[in-house]
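Written out below as structure tokens is the structure these notes cover.
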Amino acid sequence: MLVAVLLIAAMGLINLYSATYAGGASSTTVFIRQLFFFLAGLSCIMIIHLFDYRLLLTWNYILYGIVVCLLLASLLLGGSIAGTQRWINLGFFRLQPSEPAKLMLVISLASYYYRKDTGRGFTIGQLLIPMALTGVFFILVLMQPDLGTAMMFAGIFISMTLFVKLKWSTIGIIFGGCSAVIPIGWQFFLKPYQKQRIMTFLSPESDPTNSGYHIMQSKIAVGSGLKFGKGYLKGTQGHLHFLPERHTDFAFSVWAEEWGFAGSLFFLAVYFFMILWGLNVCLASRDKFGVLLAFGIVSLIFWQAIINLLMVMGFLPVVGIPLPLFSYGGSSLLTTLIGIGLLMNIRMRRNQVRKN
Amino acid sequence: MQSPKETLTKLRKVDTGELNQLKKRTDAATLVIIFFIAVILARLWFLQIHYGSKYKDKADNNRVRMLDVVASRGNVLDRDGRTIITNRPSFNIVWVKEDSPDPDEIIKKLSRILNEEIAVLLKRVREAADNPRHIPILLQEDIDWKTLVYIENNHYDLPGVRIEVLPRRDYLYEDFGSHMIGYLGQINMKELEEKNSANYQGGDQIGKRGFEKLYEDELRGEKGTMYMEVDAHGFEQRQLKGKETLPGNDLQLTIDMDLQLEAEKAMAGKAGAVVAMDVKSGRLLVFASAPPLHLEDFVGGISTKNWQALLENIKRPLVHKTIQGQYPPGSTYKIVTALAGLSKGVITPNTVFYCSGSMKFGNRRYGCWKEGGHGPVSLHRALAESCDVYFYQVGLKVEVDSLAEYANRMGLGHKTGIDFEYEKSGLIPTAAWKKLAKGVSWQDGETLSIAIGQGFNLVTPLQVCQMTVALANGGILYKPFLIERIIDSEGQVAKEFEPVVDVELVGMEKYLKLIREGLVGAVNDRHGTGKEAQLKDVTVAGKTGTAQVVSMKKFQETDEEDVAYKHKDHAWFTSFAPAENPEIAVTVLVEHGGHGGSAAAPIAKKILARYFAKKTELETNKAKENQNVLQ
């Protein structure tokens, strides 16, 4: 397991080097930073190993509260980049609280569903608190504004809620509610550029130099990789700055361009091996909390990966979701590694319950 | 709150029932995951394998921009090889909007740097909205050195903004020869179709008038190609191998710059034409039309305002009066009448008519310009003092069709065939013509008007000059030409132009000699009408003419100054020199100038004076050189 993780992270670093190759002086800094966070993450995994994941149950609300504070802080105090309030400058690194928030939501939902599980399925009333938990994060992040991550929270909520047993009535109400909320949200809550993103997703070719530009360029980068890629460090789309955000959102485009179909196949194989392994931890776990937690973490990684890949391939509008472990981003890397640490933790302790 | 230990022990186990459900759910999740993996892989296949080459092409297109490099246009030189028109670099500010992350900021910055209002810049951006996106928007042309340096130094602050270097026509002598030279403009659809579109694209400059148009193919040269690797900000990374440009060929004109400048200076503020031709070859030394066009106005496209002004100017700057202006020849036509009379034998050099100041014919009185009359007049005096009555008599005897015949022989009434655009043929009426054109028969009285160059007669200044040349050289009508040779970019002569004889008149030498003597008298005799053209060291011969615009009767009572410009007569003077062995012929027409003797003759004098001064200078220098060599 660890092998897969290391492999992915290594590929990520290699790719990052290429992606930032032409960037000048700052590029090595970026590379070194990512390396640093990777090592930090590994240390976190080691630390986590010392604890039982079930401690999270007790710490749950405290941790939740801390994350909420961090999110508020980023809104009120945080530096602004391109008009978004997503960061808190902690001096040595900029923390993006929405990342740990994702993991936090998984933990909180897992705790809640575990505690309140009656075995007969949840009623809609019982879903109110999870919705509230999700909602708080959702709104705080939406105000940054970060539609992509906000939707991520909704996604986690949906995944995990569907995973637990629900009464049919609940399901019906949820569907009804969604169909009502979406048009209202479109009209009143989405910013113009967010609407625009969704529109150009439907046909990026119609506006190649503005919002559909990123997607067009990504497709060109990926497609031009052909079978075996252009070669390491030789990706022209990335290096000549045609591909924007090539070390973050579009990191995979760079990989695909340089390593081609063969290289991409290999990468995806390793990545999904990791995900399926995570899903296996679900089954291996002998207590409900572990199951839920594992599932939540896996879906977190899975959905982010899928959304990012679909975006890179031109199936989705640009939403700013990174590819976990691969895209550049200290907060994301740390959070994901911690999540993986937890998975390993769960798996490791699966036999402990029996003993007790 | 339970203790941690208690929590751990009290953890509910997963029972088998729940476990099965869990398994089902997990299996479902696995399926979902596998589904998405499949989608991703399929898409990847689609992009990289199936359509891979298409994307590869797009990637290549992305990174290498093919740029046309405009060739240096050929220069225009005068007969002595002096450069009249050349090119200089023009630095333009262009903007590729899509390369700028913050367009509004760029516009603000540029507004300051270029010292141009934001509204003006935005207008240019709006106007370019219909162009394909990759074509940069032109924001300001021909920026000065300081601005250029500033922008180059700060170009990382201005992503998307580029300097474009284009050659620009440099008019070294301002409006010199503006009608001949012509101007450039953007190529339009029709022109694109006519020309071989492999060499031309939308946005190219093409000659629209004058030599720029007639010799477009010679002047243009060949475009080169430059392959530039760029990044997505449009910043040029490196230049890949391309194709060199081929500079255009130079045009060397027959025009003498000094004489042309003299003519244009003399015609400043006036409307009309000056033509000077080499008597022995048909080379044009002066080919001027007034008022001139301000050629700088046309660079980059003339503004609507300026174009309207040109159209509305009563002096008609857009008309090339040397060949497009058609005027009654006035008394210059008497050369034809005299020739017709002599050739037909109705007069001899000694035939005398009496001029009392007017002549009665039919029920009308036809006046001579000299109220008191000239008294008894023979050919010499008739020409020298431009007696109308004498020529009425000749005209009557010869009749209109003969007049037309000799007029045509002398080159009037049809195009000279000069290699230039828009030449008009003028009009020499015959009885048949009148029947056809007006539906009425010819009246003999009209012949009188024709005989003195009024009435239906229409000629162009070039025709008059050609006629004068034929008179001066004994009957050879040369085809007038403007280009001496075409020189390629390496200095080799690509094409040489030789004089072409259009018609050689035979059997008229005696008569032409007599007419020449009359014209000598016009300038040098005491009462000659062309006295103002007299030169001290050279014998000038010439003929004045005053073409009526409105019938004299109307304004008989009025003082000349009070007559409105547009009703004033046109002033003609045509000349050649030296009379004994003519070299140059000069014809001047001043629209609404009044009398030929007072308005046109002095201008011809200036040009002749300059010509001979130059000649003397050249001979003096040569003599000096020879002396030095001998010593």
Checklist outcome for this item: Filtering the stretch B:443-482 for residues that are of a type in the set (A, V, I, L, M, F, W, C) and out of contact with any Ser or Thr (no Cβ under 7 Å at 6 or more places or on another chain) leaves a count of 12
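How many residues, within the stretch A:255-277, are among the small types (Gly, Ala, Ser) and farther than 15 Å from A:LEU7 by Cβ?
Step one: list which residues in the stretch A:255-277 are among the small types (Gly, Ala, Ser), which gives A:256, A:260, A:262-264, A:269.
Subsequent filtering for residues that are farther than 15 Å from A:LEU7 by Cβ retains A:256, A:260, A:262.
Matching residues across the stretch A:255-277 total 3.
Tally time: how many residues in the stretch B:383-408 are within 40 Å of the chain's Cα centre (by Cα) and either more than 30 Å from B:GLN324 (Cα to Cα) or aliphatic (A, V, I, L, M) (or both)?
At the first step, the residues of the stretch B:383-408 found to be within 40 Å of the chain's Cα centre (by Cα) are B:383-388, B:391, B:395, B:400-408.
If we keep only those that are either more than 30 Å from B:GLN324 (Cα to Cα) or aliphatic (A, V, I, L, M) (or both) as well, we get B:383-384, B:400, B:403-404, B:407.
Qualifying residue count, the stretch B:383-408: 6.
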Next on the checklist: Checking the condition in a helix (DSSP H, G or I), at pLDDT below 75 and under 30 Å from A:LEU276 (Cα atoms), which residue from A:LEU39, A:LEU16 passes?
Outcome noted: A:LEU16
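Quick check: is even one residue across the stretch B:274-294 assigned to a helix (DSSP H, G or I) and of a type in the set (D, E, K, R)? Before you say what the answer is, go through the steps one by one.
The first filter runs over the stretch B:274-294 and keeps only residues assigned to a helix (DSSP H, G or I), leaving none.
No, the stretch B:274-294 contains no residue that is assigned to a helix (DSSP H, G or I) and of a type in the set (D, E, K, R).
If the requirement is being at pLDDT below 85 and under 13 Å from the mean Cα position of the chain (by Cα), which of these qualifies: A:ASP249, A:ASP287?
Values: A:ASP287 fails: under 13 Å from the mean Cα position of the chain (by Cα).
Result: A:ASP249 is the single residue among A:ASP249, A:ASP287 that is at pLDDT below 85 and under 13 Å from the mean Cα position of the chain (by Cα).
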Next on the checklist: On the basis of being assigned to a helix (DSSP H, G or I) and either farther than 23 Å from B:THR468 by Cα or modelled with pLDDT under 95 (or both), does B:SER402 make the cut?
Outcome noted: yes
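Please verify whether A:LEU75 is under 19 Å from A:LYS102 (Cα atoms) and either modelled with pLDDT under 75 or more than 14 Å from chain B (Cβ to nearest Cβ) (or both), treating the condition exactly as stated. Please lay out each step first, then the result.
Details: under 19 Å from A:LYS102 (Cα atoms): yes; either modelled with pLDDT under 75 or more than 14 Å from chain B (Cβ to nearest Cβ) (or both): yes.
Yes, satisfied.
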Next on the checklist: For the list (1) closer than 16 Å to A:LEU333 by Cα; (2) within 19 Å of the chain's Cα centre (by Cα); (3) at pLDDT below 80, I need the number of the one condition that A:GLN85 fails.
Outcome noted: (1)
Checklist entry - If you go through the stretch B:317-333 one residue at a time, how many are of a type in the set (S, T, N, Q) and in a loop (DSSP other than H, G, I, E, B)? => result 3
Checklist entry - Does B:GLY341 fit the bill of being part of a loop (DSSP other than H, G, I, E, B) and either in contact (Cβ under 8 Å) with a residue 12 or more places away in the chain or in contact with a His (Cβ under 6 Å, 6 or more places away or on another chain) (or both)? => result no
Checklist entry - If you take the residues of the stretch A:48-65 that are more than 12 Å from chain B (Cβ to nearest Cβ) and in contact (Cβ under 8 Å) with a residue 12 or more places away in the chain, which of them is nearest to A:TYR112 (Cα to Cα)? => result A:TYR64
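In this structure, does B:ASN363 turn out to be surrounded by fewer than 23 Cβ atoms within 10 Å (Cβ to Cβ), in contact with a helix residue (DSSP H, G or I) (Cβ under 6 Å, 6 or more places away or on another chain) and not β-branched (Val, Ile, Thr)? Step through it out loud before you land on a result.
Details: surrounded by fewer than 23 Cβ atoms within 10 Å (Cβ to Cβ): yes; in contact with a helix residue (DSSP H, G or I) (Cβ under 6 Å, 6 or more places away or on another chain): no; not β-branched (Val, Ile, Thr): yes.
Criteria not met by B:ASN363.
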Checklist entry - Is there a residue being among the β-branched types (Val, Ile, Thr) and more than 16 Å from B:LYS543 (Cβ to Cβ) anywhere in the stretch B:331-339? => result no
Item to check | the stretch A:307-322 - residue that is surrounded by 24 or more Cβ atoms within 10 Å (Cβ to Cβ) and within 13 Å of A:MET152 (Cα to Cα) and, of those, nearest to the other protein chains (Cβ to nearest Cβ) | outcome: A:ASN308
Checklist entry - Any residue at all in the stretch A:177-194 that is at pLDDT below 70, in contact with a strand residue (DSSP E or B) (Cβ under 6 Å, 6 or more places away or on another chain) and not assigned by TED's automatic domain parsing to the domain that holds A:PHE295? => result no
Item to check | Unique residue being in the same structural domain as A:ALA256 (by TED's automatic domain parsing), surrounded by fewer than 19 Cβ atoms within 10 Å (Cβ to Cβ) and either under 18 Å from A:GLY314 (Cα atoms) or modelled with pLDDT under 75 (or both) when the list is A:SER206, A:SER218 | outcome: A:SER206
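Quick grid of which residues meet (1) under 18 Å from the mean Cα position of the chain (by Cα); (2) modelled with pLDDT of 95 or more:
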site: B:TYR215; (1), (2): yes, no
site: B:LEU251; (1), (2): yes, no
site: B:MET277; (1), (2): no, yes
site: B:LEU284; (1), (2): yes, yes
site: B:GLU296; (1), (2): yes, no
site: B:GLY300; (1), (2): yes, no
site: B:LYS305; (1), (2): no, no
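For the stretch B:1-115, which fully contained helices (runs of 4 or more DSSP H) count at least 3 residues that are under 59 Å from the mean Cα position of the chain (by Cα) and modelled with pLDDT of 75 or more?
Numbers: elements: B:4-9, B:16-44, B:52-63, B:103-114.
Where helices (runs of 4 or more DSSP H) fall fully within the stretch B:1-115 and carry at least 3 residues being under 59 Å from the mean Cα position of the chain (by Cα) and modelled with pLDDT of 75 or more, they are B:103-114.
The values are calculated or read from the model by the stated rules, or taken from the named source; none is laboratory data. Being a predicted model, the structure only gives us computed values, none of them experimental. A quick note on method: Cβ atoms are made from the backbone with ideal geometry, for glycine too, and the neighbour counts reach across all protein chains shown.
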